[in-house]
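What follows is calculated from the coordinates using simple rules that are stated; it is not laboratory data. Being a predicted model, the structure only gives us computed values, none of them experimental. Cβ placement follows ideal geometry from the backbone for every residue including glycine, while neighbour counts extend to all protein chains displayed.
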């Protein structure tokens, strides 16, 4: 079943790469239609999709993987720590997975995060923040902030030097979370934002250009996610949620944007980069041509596109 209600749709856009076509075929096979779908069904579809997309890479991480719990006010938040062989102890990256704040997990994103660990020789820590609708905004964002504060305070216990730089990274909703953290917590050293959801009004040109089922992610789906993730319309006016509504951007850390070309969220990143550039924040942006929104989470199906992104992340980290 397709995520969209149009089961007959196909990739009519000539810009689709072979990798995008391969991902599309998996997505329309594994993900449920939004017609009468439950959050449980959607989550199961995402899990199946990412497992199949990365099947050939599962178990290839060369370093060590450790699971822990971070105790915060009223919960224990699971984290997964990826420590590569020959690790560089001068940096640690805290990763927040995408999934519209309602789905996915450390497990669904394990392949890309351990791939990044191996490639960058840097410790990556993936965070299992609580999901909506069971835990609506601001719970999932507060979880992310609390875990980030804990890691900042205790970074040496995660295997890095006392002077190590600490940054945040995420894809899609995880990029929104990462960007919000940088406005809330002032001693973050860098941010890596992949296909971020920053314009919660969905009014940019790319939202209109790619609002077709062939691009998998549609305005209907984004609105469905927001309906489950937020309590009401007032939440969408909170600058912690709607990043563009912040009044100041000049204290933010250096930022790498990675952007999929065929993604309704594409222009979100362009607009946010302009705000940061205007504020004097150091930024870089890499456009990956011919790929869809979820390419980054699927290195097994989109190896060439992911390699471009990973190379940019390697270079960004090396220049900090």
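For the range 105-264, taking Cα atoms only, Rg and Dmax work out to 16.1, 49 Å respectively. Within the range 18-318, antiparallel bridges make up roughly 30 percent of the DSSP beta bridges whose residues both belong there. The angle separating the long axis of helix 219-229 from the principal Cα axis of greatest extent in the chain is about 50 degrees. Only Cα pairs under 8 Å and 6+ residues apart enter the sum, and on that basis the relative contact order of the chain stands at 19 percent. Taking a cut-off of 23 Å, what percent of all Cα-Cα pairs in the range 188-320 are separated by more than that? So the pairs more than 23 Å apart make up 37 percent of the total in the range 188-320. Between residue 35 and residue 75, the distance separating the two model label sites (each 7 Å from Cα on the Cα→Cβ line) works out to 3.4 nm.
FRET efficiency for residue 307 and residue 238, Cβ-Cβ distance as r, R0 = 30 Å, nearest 0.05?
Details: r = 37 Å, r/R0 = 1.23.
It comes to 0.20.
Assuming R0 = 30 Å, what is the FRET efficiency of residue 25 and residue 211, from their Cβ-Cβ distance, to the nearest 0.05? Before the final figure, lay out the partial values.
Values: r = 21 Å, r/R0 = 0.70.
So, using R0 = 30 Å, E works out to roughly 0.90.
Taking only the C-alpha atoms of the chain, the Rg (one decimal) and the largest Cα-Cα distance, Dmax (whole number), read 18.1, 55 Å.
Nearest 500 deg cm²/dmol is fine: what mean residue ellipticity at 222 nm does the chain get from its DSSP H runs of n ≥ 4 alone, each adding -39,500 (n - 2.57), divided by its residue count? List each step's numbers first, then the result.
Values: 9 runs with 111 residues, N = 320.
It lands at -11000 deg cm²/dmol.
Between residue 278 and residue 149, what's the calculated FRET efficiency when r is the beta-carbon distance and R0 is 30 Å? Round to 0.05. All intermediate terms of the calculation are to be shown ahead of the outcome.
On the way: r = 29 Å, r/R0 = 0.95.
Computed FRET efficiency for residue 278 and residue 149: 0.55.
Taking 14 Å as the cut-off, the amide N atoms of the range 186-203 that come nearer than this to a point 7 Å along the Cα-to-beta-carbon line of residue 251 belong to 186-189.
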